[in-house]
Amino acid sequence: MSWTKEETKRGKSNFKKNKKRKVKREKKADENSKKGTEFEKFIEGLFKDIFNYLHLKCFETRKEQYEIGENPEGLEIKWDGRYSDTNNLYIEIGENRDGRKGRYVSSGIKRNDNSHHYIIGNEEKKIFIFSKKRLQNISKKYRQVNIDTSEGFLIPEKEALKYCLCYFEKKKDSWKLISTYSKNKVKKILKLK
């Protein structure tokens, strides 16, 4: 079967468009990955300042992150760049690196790794700490969304305040831990020794 000139031209055009989309998606994923790594470093510093905990170090290789988890402590750390604008937290349940529809693998709160708590937010507003199990239990209550290379659900800030273990809030130039528990109790719950 041979193609007409029109079909060939349309095929080439679609190929170029798809290639541009893929490059754009990969570039955005790389930018978000970089911001996520910077946020992990920020959280390491925050734990040092608030909890006097010097040992939080995120794994740097993909192999360690996939085989063990984000860090030896079992704390999944996610940067949410849109939270300040939307007042919603995006809780990831699946990721799709190749961009093909429906090809998600478990990640975030659904990934089977060492993580027991989920830290999410950004440096501009608030940073929440949730029990991973609690997020799994409430995930069906909220609007499910797919964005670029991941799928998840949106939890409004007001609801997040009800379900979180604690949160950090920026007050002037410093961060404060807001919790009904003492700092030491939060450290114990998070299994920080």
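The values are calculated or read from the model by the stated rules, or taken from the named source; none is laboratory data. Given the structure is predicted, the values throughout are model-derived calculations rather than measurements. Cβ atoms come from the backbone with ideal geometry, glycine included; neighbour counts cover every protein chain shown.
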Give just the number: which of (1) among the hydroxyl-bearing types (Ser, Thr, Tyr); (2) in contact with a Cys (Cβ under 8 Å, 6 or more places away or on another chain); (3) in contact (Cβ under 8 Å) with a residue 40 or more places away in the chain does TYR181 not satisfy?
-> (3)
Apart from one, (1) touching a residue at least 12 places away in the same chain (Cβ under 8 Å); (2) in contact with a Leu (Cβ under 7 Å, 6 or more places away or on another chain); (3) part of a helix (DSSP H, G or I) all hold for GLU38; the odd one out is (2)
Quick one: count up the residues across region 77-109 that are at pLDDT below 90 and either of a type in the set (S, T, N, Q) or within 12 Å of the chain's Cα centre (by Cα) (or both).
-> 6
Of the residues in region 1-56, those that are modelled with pLDDT of 70 or more, of a type in the set (A, V, I, L, M, F, W, C) and surrounded by 11 or more Cβ atoms within 10 Å (Cβ to Cβ) come to PHE39, PHE42, ILE43, LEU46, PHE47, ILE50, PHE51, LEU56
Any residue in region 51-66 that's closer than 19 Å to ASN112 by Cα: show its pairings with residues that are loosely packed, with under 10 Cβ neighbours inside 10 Å and of a type in the set (Asp, Glu) at Cβ separation under 8 Å, as long as the two are six or more apart or on different chains.
-> none
Somewhere in region 132-153, is a residue among the basic types (Lys, Arg), more than 13 Å from the chain's Cα centre (by Cα) and within 25 Å of GLU64 (Cβ to Cβ)?
-> yes
Taking region 124-158 only, how many residues are among the hydrophobic types (A, V, I, L, M, F, W, C) and closer than 17 Å to ILE189 by Cβ?
-> 5
Could you please tell me which pairs satisfy a Cβ distance under 6 Å, a separation of 6+ or placement on different chains, a first residue in region 102-113 that is under 17 Å from ILE129 (Cα atoms), and a second residue that is at pLDDT 80 or above and assigned to a loop (DSSP other than H, G, I, E, B)?
-> none
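To keep it simple, each residue is scored yes or no on (1) in contact with a helix residue (DSSP H, G or I) (Cβ under 8 Å, 6 or more places away or on another chain); (2) surrounded by fewer than 18 Cβ atoms within 10 Å (Cβ to Cβ).
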{"residue": "GLU76", "(1), (2)": "yes, no"}
{"residue": "ASN88", "(1), (2)": "yes, no"}
{"residue": "ASN112", "(1), (2)": "no, yes"}
{"residue": "ILE127", "(1), (2)": "yes, no"}
{"residue": "LEU135", "(1), (2)": "yes, no"}
{"residue": "GLU151", "(1), (2)": "no, no"}
